[in-house]
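Notes follow once the structure below has been shown.
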Amino acid sequence: MKRRVMKLSILTIGLALFTGTAFAQVAGGSMTKLFDLYVMGDYEKCYDKAIKATDDDDTKYESEPYLYAALSLKKIQEDPELRQYYEDATKDAIKLAAKFTKRDIRKGEKDEETLFEENKETVWMFQRMAINEAKSFYVQQDWRKASYYLKYGLRIDPSDPAVELFKAVADYKSRNRYNGDKHSESAIKKFKELAQEGGYEPTEYNVTAFEDGFIEYVEYLKEEDELEKAREAASLARKLAPDNSKFERLESNLNG
């Protein structure tokens, strides 16, 4: 079946170009063809061109096409007519965002120009998508799928202890003790360092992982009769976010 190609009126194009809508381009990028296709609303073609660029000898080591591919898939998923042809658009967009970060880190290690900092809110948008997908599976007690999406959420921003702690709980729940220990120890260590530095301010993109990560981690420790570790974790959460009412109740219930 031939897929529909999106077309925009001159007025719509003008609005896209001049109103500065969020996530309209990759900041600091140099791939003008992908930029033009994305801003013109030709998301399928932008996606196809971006994927081809990840295999082209001249651009396969660049991070930029991965982010354009992810952005295009997100737009495709939001279009009721287009998304029927892209059943895994959300999952694939999340994975492409993770590949963007991986490539960008490699460029940084080679002292080449990187794009993460200029586009971090765009990248975090995909992290939130991963967290939301994970949360939906978590509440269904599908721990493995929750862990799967949190794995990519962590790859999107490897420095984020909030996603890492939430992933640790999903690993524990899916009986992967090795990964649970690895990620919980790493996340708690990072959080302790942040507490000493004055606290932790979650973004609007990872606040769900921050809150659920600590709450579910403490509940898991209680179930395992590790009450002292549970109290330490609850106390740490309070130090990081002293005004958080959820953490206040969490600590109070443990010490009550």
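The values are calculated or read from the model by the stated rules, or taken from the named source; none is laboratory data. Every value quoted in this text rests on a predicted model; they were computed, and no experiment measured them. Please note: Cβ atoms are built from the backbone with ideal geometry, for glycine as well, and neighbour counts cover all protein chains shown. Each accessible area value is taken on the protein alone, full model and side chains, heavy atoms only, with ligands, DNA and RNA left out. Shrake-Rupley method; radii C 1.70, N 1.55, O 1.52, S 1.80 Å.
When the helices (runs of 4 or more DSSP H) confined to segment 132-198 are screened for residues that are open to solvent by 70 Å² or more (accessible area, probe 1.4 Å), those reaching at least 3 such residues are found at 143-156, 177-196. When residues in segment 203-240 are screened for being closer than 25 Å to TYR152 by Cβ and of a type in the set (Gly, Ala, Ser), 4 of them pass.
Filtering segment 63-82 for residues that are aromatic (Phe, Trp, Tyr) and within 15 Å of the chain's Cα centre (by Cα) leaves a non-empty set.
Got a number for residues in segment 59-103 being closer than 16 Å to CYS46 by Cα and of a type in the set (Val, Ile, Thr)? Number of matching residues: 2. Sub-7 Å Cβ pairs linking a first residue in segment 134-157 that is touching a residue at least 60 places away in the same chain (Cβ under 8 Å) and more than 15 Å from GLU216 (Cα to Cα) to a second residue that is open to solvent by less than 20 Å² (accessible area, probe 1.4 Å) and polar (S, T, N, Q), at least 6 apart or interchain, are ILE156/THR101; ILE156/GLN127, ordered by first then second residue.
Helices (runs of 4 or more DSSP H) fully within segment 1-109 that include at least 2 residues being open to solvent by 30 Å² or more (accessible area, probe 1.4 Å), within 22 Å of TYR152 (Cβ to Cβ) and at pLDDT 95 or above: 43-53, 64-78, 89-109. For segment 76-98, the tally of residues that are closer than 23 Å to MET31 by Cβ, of a type outside the set (Gly, Ala, Ser) and without any contact (Cβ under 8 Å) to a residue 40 or more places away in the chain stands at 6.
Being closer than 14 Å to PRO202 by Cα and not charged (D, E, K, R) is the filter; apply it to segment 231-246 and report the residue that is surrounded by the fewest Cβ atoms within 10 Å (Cβ to Cβ). Only one residue fits best here, namely PRO242. Of all residues in segment 205-230, those satisfying the criterion of being out of contact with any Lys or Arg (no Cβ under 7 Å at 6 or more places or on another chain), free of Cβ contacts under 8 Å to residues at least 24 places away in the same chain and either outside any helix (DSSP H, G or I) or crowded, with 18+ Cβ neighbours inside 10 Å (or both) are GLU224, ASP225, GLU226.
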